[in-house]
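Reading through the structure tokens given below for one structure.
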Amino acid sequence: MIAKEKKQKKWRPKEDTIFQVVFLSLILFLVGSLAVSIWRVRQRKTELTEKIESLKEEIRILEEEKESLEAGISETEKESYWEERVREQGYVKEGEEQVVVLGPQGEEGEGLQGNQAFLGGIWEKIKSLFTTIVGR
């Protein structure tokens, strides 16, 4: 028996070229998708890094404020603080006398006269404005 030779398919350059174009397009699509994805990840990373820095600054500011408030709290726990506040309101300890210092009376009177002169000047301007409007 004689072996028959297998027929080889004819090489078709058209089909091979189409396969290469499709394969190359698929690879370019994948590379492009990865590039866009990497770009978005880097952009998001930059945004988050900036946000982290701003939050760290905010934390620093809040910690400073917390320290100052804690110092204020420790200050208010002292008896001398409350004694000072009570004295500002006019209270005195038993056995003490309260002394009130008044300013010169002449200055107070001048303040009222100056205030009245100012209001009088405004009143004169209003009257003159009214007479010019009515006079027309």
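The values are calculated or read from the model by the stated rules, or taken from the named source; none is laboratory data. The structure displayed is predicted, hence computed values, not measured ones. Don't worry about glycine lacking a Cβ; one is built from the backbone with ideal geometry, like all the others, and counts go over all protein chains shown.
Please determine, by comparing only the residues of the range 61-107 that are surrounded by 10 or more Cβ atoms within 10 Å (Cβ to Cβ) and among the basic types (Lys, Arg), which one is modelled with the lowest pLDDT. Filtering the range 61-107 for residues that are surrounded by 10 or more Cβ atoms within 10 Å (Cβ to Cβ) and among the basic types (Lys, Arg), the one modelled with the lowest pLDDT comes out as Arg87. With respect to Gln8, determine if the residue is exposed (fewer than 10 other Cβ atoms within 10 Å of the Cβ) and at pLDDT below 95. Against the criterion (exposed (fewer than 10 other Cβ atoms within 10 Å of the Cβ) and at pLDDT below 95), Gln8 qualifies.
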